[in-house]
Amino acid sequence: MDPGTRTGDEPGSVDEIGEVGEFYAAVFEANSAVKLLIDPSSGVIVDANGAAARFYGYSKAELVGMRVGTINVLPEERIRAELAAAQAQQRSYFRFRHRLASGEVRDVEVHSGPVRWRERDLLFSIVIDVTERYRLEDRLARAQRVSALGRVAGGVAHDFNNLLTVIMSFAEAIESGKRSGEGAREAAGQIVSAARRAGELTQRLLSVSRRQPPSVAAVDLRTLLGDLHGLLAGMVGDGRRLVMAIAPELVAPRVLADPSLLVQVLTNLVMNAAEATAAGGTITVRCAALADSPRPPGGGDPPGPWWMLEVEDDGVGIPPEVVSRLFDEFYTTKDRGSGLGLATVHASVLQLGGHIRVMSRPGQTRFIVYLPPYHGRLAASGTGDQRRLRLLVAEADPRLRGELLDQLAARGHHVVACADGGEACARFAAAPDSYDAVVTHVTLPLVDGPALAHAVRAQRPGLPVVFVSDDGGPVADPDPMITATIRRPASGDALLAALRQTCGAG
């Protein structure tokens, strides 16, 4: 029965009505919070308090009877769904944008739940204006992003200096005549390698600025260390000895990681070791396995299994009070240091899912990086560089298409080239078993690269695909082992490395 229709003959009815009215006035009317009573079946506002009238800019008489869709900017069907969710108590908290009488749109948080009032099932909603809070949060997020980008830029600059040291060292050796003939060619190769690493650093910086995820791949640590030997030797310099010690039992020590992060970790640790080691000293880079260990991360080696990358030097050692601060940003023991090298190493190791440990005493310092093993399946097997592939290539630019053809044909691969995604789809559909892999630009006429990859894998699940991208950003794919992304214009080395990663050939 409606409280307003009760008679005075009912015991306590007059007092009850009075108490209800006073309670309603205190809780609903005389309150600074914006409050609405809404009929969930029709979306009509049944009652609104004075605070609501002041907030929305309508009179109370205008608000009562108004449809919620007048103030809520969502489409009508979405509004009905949200009202139903609140009525069924599936949700009680909502974030909306409400339009005021002036036309201004405000961000609001709404707390809403079902109530029974005067024989009607209604929604009691409290509306909180959070526009300014959201603006402040957005400004804070942008400020934090700029700060983070600055830290990344500082780390990249630090790594650039390391690579420039290598480039200058080998260039001066060639210029002075210390290296000639085969030695000069080797030095030139190391200069090219260092320059390529520098290019990868710029791509990392661009990826961060564009909020792109890191490009991960299965990386063989033995192969990586072999590829980096010349670069690291250049960082160490002629007056010190670099020793690479890879445990013989390690057959395929693979990790799933962004290769540039691994390079960054190793180059920073080796450069720091070189700076701490006097002429005639030795720097050792080790790779070994750690089996299951019951010890917790805080009490020695972290629980395994892990692959361990270790950089050891026989320098002066690090005092205990310094060890505890080594990974702090901007903390440095060097006169002109940035304090970003080891902080960057620490951040990179965490991003790789690993741990890092420092052990130091006079005459020896060891940085041990623990990385989780990757036991996923290998890319399609083959006979290494001798394997010849049948490739479907899709590239709209005729000049770049010709370059791809030349690079691949020079390695003996058989190539079918297409000018757009539609042609590539048709050629593949005509002979789906005739191809070992697809090389495609991300952006193509008719059918783009990701759609082409989806189409060919619908017929050949697991078919390797190499994407060529204008910015080098990774293309989302459920299996990074059979997908690679390289930057356009694609160098021959980058293309062949991508084919090795995905197909086991190049």
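Residue by residue, here is whether (1) basic (Lys, Arg); (2) under 40 Å from the mean Cα position of the chain (by Cα) holds:
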| site | (1), (2) |
| --- | --- |
| 33 | no, no |
| 39 | no, no |
| 51 | no, no |
| 54 | yes, no |
| 74 | no, yes |
| 90 | no, yes |
| 99 | yes, yes |
| 104 | no, yes |
| 123 | no, no |
Checked 380, 409, 453, 458 against criteria (at pLDDT 85 or above, under 22 Å from residue 494 (Cβ atoms) and of a type in the set (Gly, Ala, Ser)); the one match is 453
Can you find a residue in region 310-323 that is at pLDDT below 85, in a loop (DSSP other than H, G, I, E, B) and not assigned by TED's automatic domain parsing to the domain that holds residue 465? no
Select from region 58-85 the residues that are within 16 Å of residue 97 (Cβ to Cβ) and among the β-branched types (Val, Ile, Thr) and list them in ascending order. 68, 70, 71, 73, 79
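The values are calculated or read from the model by the stated rules, or taken from the named source; none is laboratory data. Predicted model, so just to flag it, every value in this text is computed and none were measured. Using ideal geometry, Cβ is built from the backbone for each residue, glycine included, and neighbour counts are taken over all protein chains shown.
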